[in-house]
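The values are calculated or read from the model by the stated rules, or taken from the named source; none is laboratory data. From a predicted model like this one, the values you see are computed outputs, not experimental measurements. Virtual Cβ from ideal backbone geometry, glycine too; neighbours counted across all protein chains shown.
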Amino acid sequence: MSSVRPGGVTGNRRVVLTGFGVISSIGIGAEEFTESLRAGRSGASPISLFDVEGFAHVNGCEVKGFDPEQWISRTPVRELGRASRFAVAAAVMALRDAGLDPADLAGRRGLISVGTTDGESYELDRLVAAELADGPERMDPQIVRRVSAARLSTAIAHELDLTDVEAPTIATACSAGNYAIGYGFDAVSSGEAEYALCGGADAMCRKTFTGFYRLGTIAPEVCQPFDVDRKGILTGEGAGLLVLESLESALARGARIYAEVLGYGLNCDAFHQVAPKGDSVAQCMSLALANAGVKPAEVDLISAHGTGTKANDITEAAAIRSVFGADTPRTISLKSMLGHTMGAASALGAIACGLAITHRFIPPTINHRRTDPECEIDCVPNQAVDADLRVVQNNGLAFGGNNAIVILGRYDRDGDIG
Amino acid sequence: MPILAEDRRSAVKEIVCDILELEEDEVTDTSLFIDDHGADSLRAIEILASLEKEFGITIDQSELAQMVNLEAVYKVVAEAPAR
């Protein structure tokens, strides 16, 4: 869409975040999510969404108490898979949070982009179960119609009755939320779109739980990023959708501005299917900082990818140290609370960063006892702290070396940022 | 130390060759999966999972580091507890 490349010259328009839609295991809506981030709540509980018989460890971070019909009115909910329900509900929520009516957007060119790891694999699980139990002729056609991952974005356009939009689903796995936000940033800053509704969504599924379990990466009880005794991830689910618009548009309608998107960086090293490559993670941070016009010393907080595996945390912490050196800012992992929400992870991370800037606090890394000496960072253990944050970096790293990093800054009314 | 029966050894070899996409005469008891046959950690997990399924045993994930060649795999399978 845009010819602007990370690290190149950015477009003319400044881009701000004015609405958040959150569906997570620790809260639905920006307000509840903020409270849980501040309190350091854990979303972990025994998995109830699918059969976990035979597994020694069965915790995950499920969304509970979510009523899609509270948000989704135009689309029959039965037509939507679990991940699309999250995506659509979060998009409706984000618009309301931004004080925008879908009718206001109908005449304006927009972008809708949702990132995902698994698409509608929860629905695929159900089809495979039906096929194994009763044969392919017994697969429910209603469920079959839900499975296209493209629907995560197109279903939002349908629900909001927006026709002048591009609506791609971005499938770069666990950094896909940041990819979508980066795409929205380019579209709005270049003027090709008037607004963007971007983020990520994923539903927990047996396929992914089993896959990660087999890789030996599922933690027995809780996720403990950067802890010397960390034992892996917990699978999670949810959605985070953000409203991006130009600063001019936000000011003209008197919108609340959570934060400004200063820039982003993407790279893909294709080095290994599952192992992160430190050099390329560091390079991605440098790309993002250059694109944002920010020096490492100006970053006040990093929301790490921080999965809680041995491999990720050491590699990521070392990459951060190599870029930031003595100026390494506090570095937290939201996955300690949310589990790994896959394609939603970096979108929920970006929202948490925006909320941290707005409400002036740093969410903690919970379940923390002793920091791994090989992770030379202050992860803000267990207790949130008050902090005046001007620039925050949100990391997203994915299998295959798909790295995506977004930089947010505080927007002050006098126009002074950074 | 428990010794793996001959029929089991050939079943193990068949699984390993199938996963590493090798002919059986290309592999010796001591040739190394990673260094000699281009395997990686994901293939090793595939081997572990297939062995568990085939023999109804549980192999601890920490054994992966030992499972570098057929000889080592025979030993791990022989010592693995039944489910």
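Within the stretch A:334-359, the set of residues being hydroxyl-bearing (Ser, Thr, Tyr), crowded, with 24+ Cβ neighbours inside 10 Å and over 15 Å from A:ILE405 (Cβ atoms) comprises A:SER336, A:THR341.
Only one of the numbered conditions (1) crowded, with 20+ Cβ neighbours inside 10 Å; (2) more than 14 Å from chain B (Cβ to nearest Cβ) is not met by A:SER249, and that is (1). Scan the stretch B:70-83 and tell me whether some residue there is at pLDDT below 95, assigned to a loop (DSSP other than H, G, I, E, B), within 11 Å of chain A (Cβ to nearest Cβ) and touching a Ser or Thr at 6+ places or on another chain (Cβ under 9 Å). Checked against the condition, which is being at pLDDT below 95, assigned to a loop (DSSP other than H, G, I, E, B), within 11 Å of chain A (Cβ to nearest Cβ) and touching a Ser or Thr at 6+ places or on another chain (Cβ under 9 Å), the stretch B:70-83 yields at least one hit.
Scanning the stretch A:91-142 for residues that are free of Cβ contacts under 8 Å to residues at least 24 places away in the same chain, buried (at least 16 other Cβ atoms within 10 Å of the Cβ), under 21 Å from A:PHE209 (Cα atoms) and not charged (D, E, K, R) yields A:LEU127, A:ALA130. Confirm whether A:LEU152 is out of contact with any Pro (no Cβ under 8 Å at 6 or more places or on another chain) and either assigned to a strand (DSSP E or B) or more than 25 Å from A:ALA345 (Cα to Cα) (or both). Against the criterion (out of contact with any Pro (no Cβ under 8 Å at 6 or more places or on another chain) and either assigned to a strand (DSSP E or B) or more than 25 Å from A:ALA345 (Cα to Cα) (or both)), A:LEU152 does not qualify. So, A:ASN267, is that one assigned to a strand (DSSP E or B), within 23 Å of A:ILE320 (Cβ to Cβ), touching a Ser or Thr at 6+ places or on another chain (Cβ under 8 Å) and modelled with pLDDT of 95 or more or not? Yes; evaluated as a whole, the condition is true for this residue.
Within the stretch A:208-228, the set of residues being farther than 21 Å from A:GLY119 by Cβ and either part of a helix (DSSP H, G or I) or away from every other protein chain (no Cβ under 14 Å) (or both) comprises A:GLU221, A:VAL222, A:CYS223, A:GLN224, A:PRO225, A:PHE226, A:ASP227, A:VAL228.
Conditions tested, residue by residue: (1) more than 18 Å from A:GLY184 (Cα to Cα); (2) touching a strand residue (DSSP E or B) at 6+ places or on another chain (Cβ under 9 Å).
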residue	(1), (2)
A:GLY54	yes, no
A:GLY65	yes, yes
A:GLU69	yes, no
A:SER73	yes, no
A:ARG78	yes, no
A:ARG96	yes, yes
A:ASP104	yes, no
A:SER113	no, yes
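Candidates are the residues of the stretch A:146-190 that are among the hydroxyl-bearing types (Ser, Thr, Tyr) and surrounded by fewer than 24 Cβ atoms within 10 Å (Cβ to Cβ); the one that is nearest to A:VAL243 (Cα to Cα) is A:SER189. Filter the stretch A:271-299 for residues that are closer than 14 Å to A:LEU397 by Cβ, hydrophobic (A, V, I, L, M, F, W, C) and more than 14 Å from chain B (Cβ to nearest Cβ) and give the result. Result: A:VAL281, A:ALA282, A:CYS284, A:MET285, A:LEU287, A:ALA288. For the stretch A:286-308, the count of residues that are within 19 Å of A:CYS223 (Cα to Cα) and of a type in the set (S, T, N, Q) is nonzero. The helices (runs of 4 or more DSSP H) falling completely within the stretch A:28-145 that include 3 or more residues that are within 17 Å of the chain's Cα centre (by Cα) map to A:30-39, A:82-97. Counting only residues that are away from every other protein chain (no Cβ under 11 Å) and under 10 Å from the mean Cα position of the chain (by Cα), the stretch B:51-65 holds 1 of them.
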